[in-house]
Each structure stands twice: as C-alpha cells, then as structure tokens.
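Every read-out reported here was derived from the displayed coordinates using simple, explicitly stated rules and does not represent laboratory data. As the structure is a prediction and not an experimental result, all values here were calculated from the model. Cβ coordinates were reconstructed from backbone atoms using ideal geometry, including for glycine residues, and neighbour counts include every protein chain displayed.
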C-alpha cells in the first residue's frame, strides 16, 4: 500500500496541472484576500473571527481546483492509457484505488494549508496597506479544522469519485463544474428543503456562516454518506470493468 | 512458462476471444499472429487481467497479480503512446519503477539501453512513434522481467531500430526469458520468433515452431520433374502421395525428398529435378487465416 501511495504521489508531483491548479488558486485567493478582504475591508473588520471567516470563504470558493487535480489523477490514466501500467504493476485494484484516494486527500490537505496560510498573509498585507486596524482575532481551531477539512475532503473526493465513475476527462470536469450550480440548483426546485441532502448543497452548508435546514454535523454526515456510497459504487465498477 | 487457459471475451453480441488456450515457453520468442480484428490485443489484455473475461493465464503457475512484484515478472508494452505527454520520459519511468518496487537507478539504465538518454528530461508528447516505442520498450524492461509481452513493438521503428529490436529480443530470450510478441511484420517475425501462435476470429488456428508451421503450408513441398509425367503421376498415385501439378512437374506435400527419391528409383523413373520448396511465413499465415479475415480486401475493385 505504501508503495502504491508513493507512486500516486509521484504521479501528482510530476505533472504540471498539479502546480498550475495550486498557483491559480493562490493567485485568485491572494488577490481576493488582499484587495476585497484586506485593502477594501468594511465594517465587519471588528469581528473577532474575521480572519477565520476569510480562510473558510477562500477554501469554500477555491477548493474545486483541488477536486480537478483529483479528477486529473484518475482520468489521465484512461486518457493516456497509463492505466494498464498502473494495474499490471499492482497486485490489487482495490489498493490502487485506495492509494489514489489517499494521495488526493493528502494533496487536498497541503493545498488547503497553503491556500489558508497565504490567504491570511494577503489579508494582513491588504489591511496594513489600507491602514485598517484589525481587532484581536480569535481562531476556533477545532471548528476551523473539522469544517475546513470535511469541506475540502468532500469536494475533492466527489471529484475523484465522478472520475472513477465517468472516466472521460472532459465529461467528468463538465459534470463536476455543473453539478453544484446547475444540476443541484435545478434539483432543489423540485426537492425544496430536502435539497439540503444533496452533496454540494450539504457541503456548502458546512462552511456557511449559519447552517440552513441541517446542522453542520448533519451536513457533514450527508457529505460523508455520499462520499462513502459513491466510493463503494466506484470501487465495484473499478473492479469489474475493463481497463480502457 | 505462461499458460493461457480457455480465454474467452464477449462484447455484447460479438465473441472477441473464444476458448483460447496456448503456452509461451521460456528461452524462446513466441510470435502472436492474426489478421486485423482477430483478437490479439484483447487476448493480451485478458492475459494481464486488464479486461474481464473468463479463463485464466498463469505465469509460473500463478496469475500475474498473485506474484509479489508483478512488474518484475512481466514487462508489458501494449501501446506506444501510453504516457502523459508533459511528464518527462525519466519521470514517466520513475513512476512505473516506484509502483513496481523497482530501484530508481534502473530508470537511467533502461533509457540508455533503448537510446533515449539524451531526451530523458523531455516530455514525450512530441516524440515520434519510433521514440515512443523505445520508451514503451524501456518501460517493459524496467523490472528485468522473465516475461516480455509486446504488442506490435516494431511499429514506427526505423530499419536500424527494427534490427536492434530483433537482436535484443533474441538475446533476451536466449538468457532464459520468454518473449511473447505480436506483429504484422511477418518477415520480421520469421527472423525473430522460434514459435508461432496464429489466431483468427478469436480462435486458435495453429501453434508450433516457425519451421513446423511453414512446413505444414500447402506452399511447402517437394518439387519433382521427370520426362515422363504420366508415369510420374501413376507412381505417386500408387504411393498414395499428395501432389499437384506445378510448373513443368509436380509438387508433393507430406513427404520428404528421401522418401520420394526412393519411390521413384524403385519405379525406374528418370528424375531430372527433386528439390525442397519452402513456403514463407507470409504464405503459411495467409493460408491459415484465409477463412478468418475480419476485414478483407478481396473482391475490392
């Protein structure tokens, strides 16, 4: 398993897209946090959770890029037919899938930490240059960690699971990008309050200022159910399908 | 030894591979031949567990994935362009080495063997087909495997590359390894392979040494010329020999020159020519697969 993990991490680290996605997220997150949250800060600067909210909002808005890295890790194998190397050098397809899942989770953590830390730095820089006085900040580390991590793991793993199911790179990315804004939004017209049980809606609720319909914990459970259920279906298909 | 047993693969209504069994022996190069669409690539994928079908393939009496390090047992080349285009050739092989429990030092060695050392740090996206094949061969050689399974490895190689590949594969097998290789280049195969497996429409048509396959061809036989063709026909008929008229004599199949010589001598028939007529592998192949061509050009005007 360790061998498979190391190979998957090497795959992640030896393609440009891994770095491009992180760089785009850092640039966007850096700019928004410097300019909007820092330099142009408003009345809410007196909030003791100002920086914590900035981190959560950044992770919320930009973690899809980490999901795309997860999608690419899986779909590159099919697009470039390297899947046959991956499967014939491993003893078990299950181990390969687990290794990919853990590698993507690891990347998501590194991505979030870098993005979060850079966001805080850019907010502070913006506040300083804009001559804003920030009140003493309090970080609810436990809250920040579990909500941030569930969100980033959730959104990244949903991307990976879609990739396992669909396998086509463009198709997966299109579905992934359209799912929250279009597919779930249309579904919510029919489902009304029950839309809170949809994966992306539940994910959004986890990082919302105030939870809607479901508590943070309940939303996390919904996301977990989708991820575990989706992964199991993907795993069964991965075992049974031809590798092409 | 690789033993493929009752391999069968069905795509909806089409039977791609049907109850196919054969063996690939160590110390020998085994050519895998068949017309387009015969099921060669599917068979290879079934052998490696990439496609789901029925039957099993044993590598030293165990399925490939039952071995501790499959990549050290079987080196595989199924497609030349199987790489991420911007991941450098060296990194591509490093990923495979990592996954296959192979020391990373081996990467530079195989790049040197296939002559890609100078482009090791370049993305293979712009490699020619020949260079891509070399990278694929390097990947197959990474684990110094006992079995090499190569699907059309000579595609895109220049004449020098083909000559190198031919010698390399023969040397590799001579070290006690087995090479299982599919190719459309029959002249190459006749020079490279010791054994041949021929399939058509997913079924086994013939298996044996190259010499035995060629000898079994209707194009092979013994040419006999005499001044008394009528008596020649009568003598051969009495001896129950299979023969056909051929040029200004007859071609006898299924008998050696010695046997025919003795028969004609006993009959007191003057013989002007008695010579072995060898078929080419191409003739033998076309004869064997005549009924199983999926995409034939015969009849096209």
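Summary of values
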item: Principal-axis tilt of helix A:169-178 within chain A, Cα atoms, nearest 10 degrees; result: 40
item: Average partner coverage of B:136-146, which counts Cβ from other chains inside 10 Å; result: 1
item: Protection-proxy order for peptides B:77-90, B:220-233, each taking the mean of Cβ atoms within 10 Å per residue, highest first; result: B:77-90, B:220-233
item: Label-reachable residues, region B:129-146, where backbone N falls under 16 Å from a point 7 Å from residue B:26's Cα toward its Cβ; result: B:144-146
item: With eigenvalues of the C-alpha gyration tensor scaled by 5 and rooted, the protein assembly as shown, Å; result: 66, 23, 18
item: Rounded to 10°, Cα long-axis angle of helix A:216-240 versus longest principal axis of chain A; result: 20
item: Antiparallel bridge percentage (DSSP; both residues within chain B; nearest 5); result: 65
item: Angle in degrees between helix A:64-79 and the longest Cα principal axis of chain A, rounded to the nearest 10; result: 10
item: Protection-proxy order for peptides A:181-190, A:119-128, each taking the mean of Cβ atoms within 10 Å per residue, highest first; result: A:119-128, A:181-190
item: Average beta-carbon neighbours from other chains, 10 Å sphere, peptide B:74-86; result: 4
item: Kirkwood-type radius of region A:51-114, with distances r between different C-alpha atoms, in Å; result: 13.2
item: Inter-chain shielding of B:44-53 (mean C-beta neighbours from other protein chains, 10 Å cut-off); result: 3
item: Gaussian network model of chain B, springs between alpha carbon atoms under 10 Å - residue of B:47, B:189, B:255 with greatest fluctuation; result: B:255
item: Global geometry of region B:221-277, whether rounded, prolate or oblate, following the gyration tensor of its Cα atoms and the 1.5 cut on a/c; result: rounded
item: Estimated 222 nm signal from helices in chain B, with DSSP H stretches of n ≥ 4 weighted -39500 (n - 2.57), rounded to 500; result: -9500 deg cm²/dmol
item: Mean projection area, nm², convex hull over Cα of region B:120-273; result: 13.6
item: Average projected area [Cα convex hull, region B:1-76], square nanometres; result: 5.2
item: For chain A: rounded, prolate or oblate by the Cα gyration tensor [a/c cutoff 1.5]; result: prolate
item: Three-way shape call for region A:186-244 based on the alpha-carbon gyration tensor, with the a/c threshold at 1.5; result: prolate
item: Region A:107-222, relative contact order in percent, only Cα pairs under 8 angstrom and at least six apart counted; result: 22
item: MRE, 222 nm, helices only [DSSP H, n ≥ 4, -39500 (n - 2.57), over chain A, to nearest 500]; result: -24500 deg cm²/dmol
item: Rounded to 5, the percent of DSSP beta bridges in the protein assembly as shown classed as antiparallel; result: 65
item: Space enclosed by the convex hull of the alpha-carbon atoms of region B:2-215, per residue, Å³; result: 118
item: Largest-first principal axis extents, alpha carbons of region A:1-122, Å; result: 59, 23, 16
item: Packing-based order for B:64-73, A:44-53, using average beta carbon neighbours within 10 Å, highest first; result: B:64-73, A:44-53
item: Computed E for residue B:81/residue A:232 - FRET, C-beta separation, R0 35 angstrom, nearest 0.05; result: 0.60
